[in-house]
1. Cβ-Cβ below 9 Å, separation at least six or inter-chain, first residue in region 222-248 and among the charged types (D, E, K, R), second surrounded by fewer than 17 Cβ atoms within 10 Å (Cβ to Cβ) and modelled with pLDDT of 90 or more: which pairs?
2. For region 127-141, what are the residues that are within 15 Å of Thr99 (Cβ to Cβ) and either crowded, with 17+ Cβ neighbours inside 10 Å or not β-branched (Val, Ile, Thr) (or both)?
3. Across region 218-238, which residue is modelled with the highest pLDDT among those that are open to solvent by less than 40 Å² (accessible area, probe 1.4 Å) and assigned to a loop (DSSP other than H, G, I, E, B)?
4. Can you tell me which of Asp121, Asp89, Asp130 is acidic (Asp, Glu) and either within 16 Å of the chain's Cα centre (by Cα) or within 30 Å of Val182 (Cα to Cα) (or both)?
5. Hey, any hits in region 182-203 for a residue that's at pLDDT 95 or above, within 25 Å of His31 (Cβ to Cβ) and open to solvent by less than 60 Å² (accessible area, probe 1.4 Å)?
6. For region 47-72, what are the residues that are part of a loop (DSSP other than H, G, I, E, B) and in contact with a His (Cβ under 8 Å, 6 or more places away or on another chain)?
7. Which of the numbered conditions does Glu59 fail, given that it passes all the others? Conditions: (1) over 20 Å from His174 (Cβ atoms); (2) in contact with a helix residue (DSSP H, G or I) (Cβ under 9 Å, 6 or more places away or on another chain).
8. Is it the case, given these coordinates, that Pro24 is surrounded by fewer than 18 Cβ atoms within 10 Å (Cβ to Cβ), in contact (Cβ under 8 Å) with a residue 24 or more places away in the chain and over 19 Å from the mean Cα position of the chain (by Cα)?
Amino acid sequence: PTIIAIMNESMTDFSRVGGMSFTPDNLPFIHSLEASGQIVWGTAYSSVYGGNTCNSEYEFLTGNTMAFLPSGSKPYQQYIDSPHSGLPDILKSYGYHCTAIHPGNRTAWQRIDAYPHLGFDEFVDAEIFDVKRSFEHRLTSDRSCYEQLIYEYERWNEVDGSPLFLFNVTIQNHGGYDTGLVPEADAVHLESDAVNDAEVDEFLACIKRSEADLRWLIDELNARNEPTVVVFFGDHQPGFADWLFGRT
């Protein structure tokens with residue numbers, strides 16, 4: 001099958017934290033998938049909080065934990081300087097073509113150097129997107145990322161047809177969350193007597209927009225009716241909500 005792995009910027013289901021609730025539910029599609037029994041889902045534990053996305057990438061792609069590296073390490077910048085075993089390398093042994101997509105600068109976290117060592121054949125960054133980028137929350141939208149995924153999916157099937165692994169790191173929900181740029185129609189409010197924070201509400205609304213884009217991608221893939229595996233997870237929680245540490 002085609003394998004699509006999406007690490008979504010700051011994607012967090014706050015309804016799992018301390019029984020919080022929102023008006024409206026900001027993840028209705030994901031929650032409906034969970035309830036359907038048709039997907040495998042669970043809790044992803046991240047070694048970072050509010051940033052250092054590259055370390056979540058490293059853990060996912062290699063299966064190695066940051067627990068065995070010195071505090072403050074950035075493996076992409078410090079340790080990935082030669083061929084490194086991991087998911088792309090394993091999949092290539094099965095004949096997969098491996099493409100990484102990130103709508104930012106290719107030099108960020110030294111991805112341009114690390115990705116080839118990890119086994120990626122191609123790296124598509126913001127400068128070489130084939131689709132026209134749209135913007136949400138001042139940054140390249142998840143929808144644009146997913147349109148690029150579909151572009152790569154169709155292009156590769158036309159030129160080669162061998163199995164394809166697409167790894168997409170999104171950026172739309174990157175902090176901060178005090179822009180006031182989320183349309184009122186997408187507003188989400190945390191129902192809490194203890195917390196009344198515009199940043200929290202903006203973050204929840206951004207996640208709602210991301211989920212709508214994920215639904216678009218799933219619909220597009222279903223329409224093609226080809227064997228496809230989609231893995232979707234967040235890199236870390238947002239960095240603004242210190243009050244989360246007091247919740248269980």
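1. Correct list of pairs: Arg224/Glu154; Glu226/Pro1.
2. To start, the set of residues in region 127-141 that are within 15 Å of Thr99 (Cβ to Cβ) comprises 128-131.
Correct list: Phe129, Asp130.
3. Asp235
4. None of the other options fit; the residue is Asp130.
5. No; the residues of region 182-203 include none that is at pLDDT 95 or above, within 25 Å of His31 (Cβ to Cβ) and open to solvent by less than 60 Å² (accessible area, probe 1.4 Å).
6. Looking only at region 47-72, we keep the residues that are part of a loop (DSSP other than H, G, I, E, B), and these are 47-52, 63-65, 69-72.
Passing the criteria: Val48, Tyr49, Gly50, Gly51, Asn52.
7. It is condition (1) that Glu59 fails.
8. Details: surrounded by fewer than 18 Cβ atoms within 10 Å (Cβ to Cβ): yes; in contact (Cβ under 8 Å) with a residue 24 or more places away in the chain: yes; over 19 Å from the mean Cα position of the chain (by Cα): yes.
Judged against the criteria, Pro24 is a match.
The values are calculated or read from the model by the stated rules, or taken from the named source; none is laboratory data. Here the structure is a predicted model, which is why all the values come from computation and not from measurement. Glycine also receives a Cβ, built like all others from the backbone with ideal geometry; neighbour counts cover every protein chain displayed. Remember, those area values only see protein heavy atoms, side chains included, never the ligands or the DNA or RNA. Shrake-Rupley method; radii C 1.70, N 1.55, O 1.52, S 1.80 Å.
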